[in-house]
Each structure stands twice: as C-alpha cells, then as structure tokens.
Amino acid sequence: MTKTVQKRTLKTRAKLLDAARQVVEEMGYPGLRTEEVVKRAGTAKGTFFAHFPDKDGLLDHLIGADMDGILDQMQAKTPPQTVQDLIDSLMPLVRYMGSERAVFDVIIRRSGAAAIEDIGPIAVTFERQFTLFSEWMRTPRFRQDVAPELLAEGVQAFVVQAIALNFCALHNTLDLPDRLGPYLEAWLTPGPPT
C-alpha cells in the first residue's frame, strides 16, 4: 500500500512540474500562476500545496533542475586553465541565472537555507557549484597562495555580483563576461612575488 501511495505521489508531483514547465515555456517565469499549473495538471489547489509550500517552492524545483543540467554539462568539460577559460565555462550558468529578473530573484532567495530541512534544489546546486569551482581552482594557473575553497567562494560571489549589477539601471552597461572578467582576473591571477 505504501509503495502505491508513493508512486501516486511522485506521479502527481511530476504532473505538477510538467504543467509548470508548460506554463513557463508559454508565459515565462513571471507568468507562472499556481491556478494555471493545477488546472493543466488536473489537480486541486490543495494538492499543489501538499507538494510545494508555495510558488517559490515550485520554482525552486524547476530552476534547480535547470541549474543541475547546466552543472552536469560544465562538469563534463575540460577544467578551465585560464581566467578566460573560466569565464567561458561559467557563461552557460551565468546566462541562465541572469536570464530573467524573476529567475535571479528566486535563486537568491533559495540559494541558502536557514535550517537543514529547508535545503532545496537551488541550494544543492550552489553546493555543487562550490565543489566544482574548488576543483577548478586547483590548477597552478590560478592563485596558489589562497585555498581553492576560498577562491571558489569568491567566484560564486563575483558571479552573483555581476548578475545583480546587470539588473541595475545604473550599472547595466557591460555585458556579463565583460563585467565578470575584471573581478575574476583580480581575484584569481597570481600577483608579482613580494
């Protein structure tokens, strides 16, 4: 009996996620409404809230899955050896995260969790990014006087900063790679010996 209930629960969640993807494809993330999702999934609104605490919870799953797919592709490629390689490697993720203000806003709200039980798909992708970037930072072409983990945290921070400035009317004059490049160059390039 439990397996049947679990199977039905997973099937219902999949229907809700598929319906949400359809709505996003047609209307974009800002056009996503729970009423439309439940209508297309053929479920009740209460069923939606049994699976997701709110619309952000649903978006956490959709956006997290997209980010996971991008990270899979990034991980399959040769690790970057230069700052320019790194920028090129980061751009699919950066472009996705900065594709729409609605996407970026959810990513920022869901990238961390106040409690273990609140960790969702987007927060998990940030941990994946950190792990991947830490591995990438081990190349001798990048600074060796700072731990790779700290370098990775800096890369994450500069990515978020570059995207945030891209949405700011006062600072959106540079394309994302041009905005990100000087940050990463200053952060990752070894300085002259002292």
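Keeping all protein chains in position, work out how much accessible area residue 95 exposes to a 1.4 Å probe, and write it in Å² to the nearest 10.
Its accessible surface works out to 110 Å², give or take rounding.
Given a 1.4 Å probe and the protein chains all in place, what does the accessible area of residue 171 round to, in Å² to the nearest 10?
80
Once every DSSP H run of n ≥ 4 in the chain is given -39500 (n - 2.57) and the sum is divided by its residues, what mean residue ellipticity at 222 nm do you get, rounded to the nearest 500 deg cm²/dmol? If you can, show how the numbers build up before the last one.
On the way: 9 runs with 136 residues, N = 194.
The helix-only estimate for the chain comes to -23000 deg cm²/dmol at 222 nm.
Report the local net charge at residue 71: Lys and Arg +1, Asp and Glu -1, summed over other residues whose C-beta lies under 15 Å from its C-beta.
Working: positive: 77, 95, 128; negative: 66, 68, 72, 127, 135.
So the surrounding residues net to -2.
Send over the semi-axes of segment 11-70's equivalent ellipsoid, whole angstrom and largest first, taken as the square roots of 5 times the C-alpha gyration tensor eigenvalues. Spell out each step's value before the answer.
On the way: eigenvalues 58, 33, 21 Å².
Semi-axes, largest first: 17, 13, 10 Å.
Given Cβ point charges of +1 (Lys, Arg) and -1 (Asp, Glu) and nothing else, what value in debye, to the nearest 20, does the dipole of the chain about its Cα centre take?
For this selection, approximately 880 debye.
Top to bottom by accessible area (1.4 Å), largest first, where do 83, 160 land?
Largest accessible area first, the residues go 160, 83.
What accessible area, in Å² to the nearest ten, does a 1.4 Å probe give for residue 7?
Approximately 150 Å² for this residue.
Probe of 1.4 angstrom, ligands and nucleic acids ignored: what's the accessible area per residue over the chain, in square angstrom? Let's see the in-between values first.
Details: 10700 Å² over 194 residues.
Accessible area per residue: 55 Å².
Extending each Cα 7 Å along its Cβ direction at residue 77 and residue 45, get the distance between those two points in nm, one decimal.
4.4
Among all lysine pairs in segment 5-89 that are eight or more places apart or on different chains, how many have alpha carbons less than 23 angstrom apart?
11
Keeping the other protein chains in place, figure out the carbon and sulfur percent of the accessible area of the chain, with a 1.4 Å probe. Intermediate results must be reported in sequence, preceding the final value.
On the way: 5940 of 10700 Å².
Percent of accessible area from carbon and sulfur atoms in the chain: 55.
Using the membrane-span-like helix rule (whole DSSP H runs, Cα extent along the own axis of at least 24 Å, mean Kyte-Doolittle hydropathy at least -0.5), which helices of the chain qualify?
Working: long enough: 2-27 (37 Å, -0.70); 55-76 (32 Å, -0.05); 148-166 (27 Å, 1.00).
Going by DSSP H runs, the hits are 55-76, 148-166.
As a test of reading the structure, rank 89, 99 by solvent-accessible area (1.4 Å probe, protein chains only), most first.
Values: 89 25, 99 65 Å².
From most exposed to least exposed: 99, 89.
The values are calculated or read from the model by the stated rules, or taken from the named source; none is laboratory data. Computed from a predicted structure; not experimentally measured. As a convention, Cβ positions derive from the backbone with ideal geometry for all residues, glycine included, and neighbour counts pool all protein chains shown. Accessible surface areas use protein heavy atoms only, side chains included; no ligands, DNA or RNA. Shrake-Rupley method; radii C 1.70, N 1.55, O 1.52, S 1.80 Å.
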